[in-house]
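Nothing in this text is a laboratory measurement; each read-out follows from the coordinates by a stated rule. All values reported here derive from a predicted model rather than from experimental measurement. All Cβ positions, even for glycine, are placed from backbone atoms using ideal geometry, and neighbour counts span all protein chains on display.
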Amino acid sequence: ASVARADRALVLLAAMRVTLHEHEDELGRIDAIAGDGDHGVGMRRGIDAALDAATAARDSGLSTVLRAAGEGWSEIAGGTSGALWGAALTSLAPALDRDDVSVAHVAAAARAALDTVVRLGRATVGDKTMVDALVPYVERLEAAAAAGLPLVDALAAAAADATAAARATSELRPALGRARPLAERSLGHPDAGATSLALVLTAVTQTAIT
Ligand code: ADP
Ligand code: MG
Ligand code: MG
């Protein structure tokens, strides 16, 4: 069963890879408005390395696969987001390494990723980072678990909230990271890291429910 779970993770990583390749240029353009423009390249390099490392570890079970993916990502991707994504991927494992993954388990995994990102990056809601999309995602999953929603509905609702929240970062001025000195230029444009996170969550949802 552990190997089957690892294979499910590979399928989801492959879906992430497709969307991050598709949107590489767009993410770079968004990051270039007030940042250094490398977010698309970083995410593409990160997911490629993560999928390669995960594939090499596929027979070792989900926890090892996710740790390999996270380590591969942060080693190769670079940038603030590379370190955060790598650690976040690794942090998903305890909640998901089981046969019967419920909404509550997915919510716990997402909460662990959020805790990891906040512990390392110290961003809070409104700082115009990926945290602005991740918090509503986690909260919607937790509410869905409490309400007893089916997994497919919970994932779809949470991804929709993350997407709306990523768009809404357009109205914010960045308070952290490379974009902070160019805060005024960033107004009217969404945060690159929130945008890529919403794309990934949407792709993962579509893959998980089909
Ligand atoms: P870099 O800024 O180092 O070039 P990227 O361009 O890959 O790295 O990623 C930029 C994104 O990282 C931002 O759009 C933002 O979403 C996210 N980010 C930056 N700093 C933080 C932080 N302290 N906590 C959470 N996310 C952050
Ligand atoms: Mg950048
Ligand atoms: Mg950079």
Tilt, helix 151-168 to longest principal axis of the chain (alpha-carbon atoms), in degrees rounded to tens, equals 10 degrees
For the chain, the dipole about the Cα centre with charges only on Cβ (Lys and Arg +1, Asp and Glu -1), to the nearest 20 debye, works out at 280 debye
Length-normalised contact order of the chain, Cα under 8 Å, at least 6 apart, in percent, tallies to 22 percent
Most exposed to least, judged by fewest other Cβ atoms within 10 Å, I30, I47 sort to I30, I47
One finds the C-alpha centres of segment 147-194 and segment 1-70 to be spaced, in Å, by 19 Å
By the C-alpha gyration tensor axes a ≥ b ≥ c (rounded if a/c is under 1.5, else prolate when a/b exceeds b/c, else oblate), the shape of segment 27-137 is oblate
Between the Cα axis of helix 2-22 and the main Cα principal axis of the chain, the angle (0 to 90°, nearest 10) is 30 degrees
Helix 24-34 sits off the longest principal axis of the Cα atoms of the chain, rounded to the nearest 10 on a 0 to 90 degree scale, by 40 degrees
Per GNM of the chain with C-alpha springs under 10 angstrom, the most fluctuating residue out of G86, G188, G72 is G188
Dividing the helical contributions, -39500 (n - 2.57) per DSSP H run of n ≥ 4, by the residues of the chain yields a 222 nm value, nearest 500 deg cm²/dmol, of -24500 deg cm²/dmol
Most exposed to least, judged by fewest other Cβ atoms within 10 Å, M130, M16 sort to M16, M130
Heads up, segment 2-209 by the C-alpha gyration tensor (a ≥ b ≥ c square roots of eigenvalues; a/c under 1.5 rounded, else a/b over b/c prolate, else oblate) looks oblate
